Structure formats: C-alpha cells, structure tokens
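Chemist: I have a structure I would like to understand better, so I am pasting it below and will then ask my questions one at a time.
The values are calculated or read from the model by the stated rules, or taken from the named source; none is laboratory data. On a predicted model such as this, the values are computed, not experimentally measured, just so you know. No Cβ is skipped: glycine too gets one built from the backbone with ideal geometry, and neighbour counts run over all protein chains shown.
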Amino acid sequence: MRVAVIGAGLCGLAVSYFLDAEVTVFDRIGVGGGASGVAAGLLHPCPGKEGKRSLYADEAMEQARELLKVAEDAYGAPVADCSGIEGKEEGITVWMDRYLEGLFLASGAELSVELIDTIPEGFDAVVFTVGAGIASFCPWLKVDYLKGQLIECEGSFERSVIDEGYVAVHPEKVFVGSTYERRFESEEPDYERAMELLGPRVDRYGLKPLRALSGVRVCRQGHYLPMVFKLEENVWALTAMGSRGLLYHAMYGKKLANALMMSHHILS
Ligand SMILES: Cc1cc2nc3c(=O)[nH]c(=O)nc-3n(C[C@H](O)[C@H](O)[C@H](O)COP(=O)(O)OP(=O)(O)OC[C@H]3O[C@@H](n4cnc5c(N)ncnc54)[C@H](O)[C@@H]3O)c2cc1C
C-alpha cells in the first residue's frame, strides 16, 4: 500500500508512523515547516485559562507519551522534559525540533520537499495534514485561523510555567508566549507587535528577547476537538488541532491511520 501524506507537522508524522504502508511525506518546507515547528512544546491535559480537563485527555496523554518514547528512541537522546510544568505536574515540555526529527525517523517515511497544489496521483491513499494550508484545499471548512507568536529568549529559567501566558524551557532556549491574533496581514513574525503583547512578561521574568517566531493555528468553530474527514474516496484530512496539537496528534493520527488501512483492506 502506498500512501502520500501532505504536511510534515505533528499530524502528518503521527499518521505516517502509525500507517503500515510505504509512505511519502510531502512538505513545502520540510519537517516542522508549519505551526508544529514553532510550538512552545507544552503538552498537558488542561490547557486554556480555566484549566478544564480536555475531552479524552487520558487516552490522548497516554498515546502522546508513547510517541514521545518512540521519537526519543529514534533520535537517540531525550526529546522532552517530563518532570512537570509548574502547577501542572502531569505537564511535559516537548523540545519540538528534536521530537519532530525523532518522529520522522521513526516513521520510516520518505520526505519530498515540494508544494502540493492538487491531489497527488499514483498512491492508494492520500492524507492531508497541511495545517493552515487546508484553506486552499477546503475553503468551505468552518474553521478560524489564528496567528500565534512567541518570543525566543536567552536567560535561565528553571521550569516551564503556564500562567496568563506561558514560559517554555528548552535546552539553551526559553520561549515566552503566545499571542492569539485573529486579524493579521502576514503569517511572518512581527517582532514589534509580538513584543508589544509579550514584552512585559519577558521583562518580568528577566529574560533577554532574541527574536519572534510565528505560526498559524487552525481552530474549529464551536469546539476544540480536531476534525477528521474524507475529501473523496481514499483521500482523508486531519486538521483543526487548535492549541492542542501535542495533546491530540498521536491519538487522532492513530485513529486516522487505522481507519484508512481498514478502508483499504475492505475495498481491495
Ligand atoms: C506560536 C504557537 C505556539 C504553540 N504552542 C503549542 C503548545 O505549546 N502546545 C500545543 O499542543 N500546541 C501548540 N500550538 C499549536 C500547534 O502548533 C498546532 O496545533 C499543531 O502544530 C498543528 O499541527 P499540524 O500537523 O496540523 O499542522 P502544521 O504543523 O502546520 O503542519 C502542516 C505542514 O504542512 C505543510 N504544508 C502546508 N500546505 C502545504 C502544501 N500545499 N504542500 C506541501 N506542504 C504543505 C506545512 O509546511 C507544514 O509543515 C502552538 C501554535 C503556535 C502558532
């Protein structure tokens, strides 16, 4: 079975890992070229201001932990700090660059760096995990696009914190985040705007700001659970991870991979 996965972010790599197939991952930039590559890396079951426990949080956390282990084994070094986040002991800070690299290695997929603008031919199935790129393929989808920026800083900080925003501690880097910008003209980082919104917290923590990073979250309207759907026979999509990409990518990636393989098995 040959499968094309479009998008090498959290979702595309999770699906690729769980597929028992020959997988080619297409990405216009490369592994972590979208929101996953700039995520702060905070994984915990109770995001948001109210800190309410997310739906299916136990299963989602268990599967995310499993994939962390898989990625760590493939990467050959730790890919996350599992010692907890301040006030959220179940929390994990995932070091995104290492994790994505490890997950890609573990998936055994082939990477092709190219922009896809139509459904690729010559595959038994195609999976779109294109993040904000879904706007080009499904303009009718009821989702919102929210720009997020974070500030990469220099300085020492003991442990990741989630308060009115967050501080995520990575090896040799600290990220202060993040913004939720509904109206934006460019997806590119806007350091001045990011510092306007996040600068006071950077100062409060005594960190030295280096640069802004940005990405676009795809958020389902009226709910926070991701969306999985078929575009046509053997063409699937997984999107709308919102701010819970780390929480749900493993669980939904596995479910989609299983459904796809089952469907192929029944139809062939
Ligand atoms: C600033 C910021 C901080 C965040 N922090 C966290 C956090 O701490 N914890 C958390 O759980 N979530 C966080 N998120 C959310 C998280 O990043 C997303 O939910 C998640 O990364 C979405 O993954 P994805 O695979 O769906 O999309 P993406 O990671 O965006 O991957 C899509 C990929 O598809 C590629 N692509 C798009 N169109 C095409 C095309 N036409 N052809 C080929 N390739 C294409 C892109 O290059 C990209 O690599 C954050 C988001 C932002 C913006």
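Chemist: Sort through ILE134, ILE151 and tell me the only one that's touching a strand residue (DSSP E or B) at 6+ places or on another chain (Cβ under 7 Å) and part of a helix (DSSP H, G or I). Working first, answer last.
Modeler: Numbers: ILE151 fails: part of a helix (DSSP H, G or I).
None of the other options fit; the residue is ILE134.
Chemist: Can I ask one more? Looking at (1) within 11 Å of the ligand (Cβ to nearest atom); (2) in a loop (DSSP other than H, G, I, E, B); (3) at negative phi, can you tell me which one HIS249 breaks?
Modeler: (2)
Chemist: Which of the residues belonging to region 214-234 are more than 14 Å from the ligand (Cβ to nearest atom) and under 13 Å from ARG244 (Cα atoms)?
Modeler: Of everything in region 214-234, just one residue is more than 14 Å from the ligand (Cβ to nearest atom) and under 13 Å from ARG244 (Cα atoms), namely HIS223.
Chemist: Kindly indicate which of ALA240, ALA194 is crowded, with 17+ Cβ neighbours inside 10 Å, outside the structural domain of LEU260 (by TED's automatic domain parsing), among the small types (Gly, Ala, Ser) and within 13 Å of the ligand (Cβ to nearest atom). Spell out the reasoning first.
Modeler: Values: ALA240 fails: outside the structural domain of LEU260 (by TED's automatic domain parsing).
Result of the check over ALA240, ALA194: ALA194.
Chemist: Now a separate question. Tell me, which residue of region 77-135 that is small (Gly, Ala, Ser), buried (at least 21 other Cβ atoms within 10 Å of the Cβ) and out of contact with any helix residue (DSSP H, G or I) (no Cβ under 8 Å at 6 or more places or on another chain) is nearest to VAL228 (Cα to Cα)?
Modeler: This residue is GLY133.
Chemist: Taking SER156 as the residue in question, decide whether it is within 11 Å of the ligand (Cβ to nearest atom) and surrounded by fewer than 21 Cβ atoms within 10 Å (Cβ to Cβ). First the steps, then the outcome.
Modeler: Details: within 11 Å of the ligand (Cβ to nearest atom): no; surrounded by fewer than 21 Cβ atoms within 10 Å (Cβ to Cβ): yes.
Judged against the criteria, SER156 is not a match.
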